[in-house]
Amino acid sequence: MCNERTGRSTCAGPGHFMGHFFEGGHGITRRFLRPVVLLLLAESPCHGYELMGRLKELGMDQSSMDPSILYRMLRHMEREGQTESSLNDSGAGPARKVYQLTPEGREVLDLWAGNIEGIVSFLEEFKNRYEKLGK
């Protein structure tokens, strides 16, 4: 984008807007963090640090996301009954809190998954209409 007054770019580069949209716990990352965590826990129980590493598998750039966001969400999901935790002291170092999905958490994951088709349809329609605008 161009600043009308100066004629100069108001962003750091072409990916600047999308970077803010997808990274750092903002935008899409923040909106989809809960269902992604539910999905990862449905695949296998794990601790928060491991979850941070697995977020990248789904294309979420967690490098600039504050880990406290994930840990707060895990505690909140546990209070809501979507996850449960237990201490695992079988590894080297201090015991770690391992989270696993509860049946209630699976229901929430199923609801998210059931809405994906509608989200995809909406995004496809948006993209098609945008492309009609031309460049």
Which members of the range 104-133 meet the condition of being over 23 Å from residue 81 (Cα atoms) and of a type in the set (Phe, Trp, Tyr)?
122, 126, 130
Considering only residues of the range 83-110 that are over 17 Å from residue 70 (Cβ atoms) and of a type in the set (Gly, Ala, Ser), which is nearest to the chain's Cα centre (by Cα)?
86
Within the range 79-104, how many residues are touching a Ser or Thr at 6+ places or on another chain (Cβ under 7 Å) and in a loop (DSSP other than H, G, I, E, B)?
3
Can residue 55 be described as among the hydrophobic types (A, V, I, L, M, F, W, C), surrounded by 12 or more Cβ atoms within 10 Å (Cβ to Cβ) and out of contact with any strand residue (DSSP E or B) (no Cβ under 8 Å at 6 or more places or on another chain)?
yes
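Please go through the range 56-73 and pick out each residue that is within 12 Å of residue 36 (Cα to Cα) and at pLDDT 85 or above.
70, 73
The values are calculated or read from the model by the stated rules, or taken from the named source; none is laboratory data. Worth saying up front: this structure is predicted, and the values here are computed from it rather than measured. Don't worry about glycine lacking a Cβ; one is built from the backbone with ideal geometry, like all the others, and counts go over all protein chains shown.
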